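Just below is one structure, and these are the notes that go with it.
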Amino acid sequence: MPGSHGSLTKAGKVKQQTPKIERTGVNSKKKKPPRMRFRELYVQRIDKGQYGGQKDSLGAKRASYKR
């Protein structure tokens, strides 16, 4: 059959064999979809007038000097 790239009987073989590894450290939390993340950043920056990133970062310290 022209145009096929392997048989369907082998589909998903490698993914099934790969062991599941739990998330650890920085990646332990599941990330929110971009639309939700950007909405939260908008609320922080525009509505509340706060810095949108991490609380103890250099950008947050610089933003606090401007107030």
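Bear in mind these aren't lab numbers, they're just calculated from the coordinates by the rules spelled out. Here the structure is a predicted model, which means the values were calculated and not measured. Cβ: placed from backbone, ideal geometry, glycine included. Neighbour counts: every protein chain shown.
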* If you plug each phi of segment 40-46 into the Karplus form 6.51 cos²θ - 1.76 cosθ + 1.60 with θ = phi - 60°, what whole-Hz ³J(HN,Hα) values come out, in order, with x for Gly and Pro? -> 5, 5, 4, 4, 4, 6, 8
* **Label-point separation in nm, LYS31 to ARG45, each point 7 Å along Cα→Cβ** => 1.8 nm
* Asked: lysines within cross-link reach of LYS61: Cα-Cα under 23 Å, excluding same-chain residues under 8 positions apart?
  -> LYS48
* Sparse-neighbour loop sites [trypsin sites (Lys or Arg not before Pro); segment 1-46; at most 15 other C-beta within 10 Å; DSSP] -> LYS20, ARG23, LYS29, LYS30, LYS31
* Asked: In the structure displayed, which of LYS29/LYS66; LYS10/LYS30; LYS31/LYS55; LYS10/LYS31 lie more than 25 Å apart, Cα to Cα?
  -> LYS29/LYS66; LYS10/LYS30; LYS10/LYS31
* Structure fact -> For mean projected area of the Cα convex hull in nm² the list reads [x] 8.9; [y] 4.7; [z] 6.3; the calculated value is entry [x]
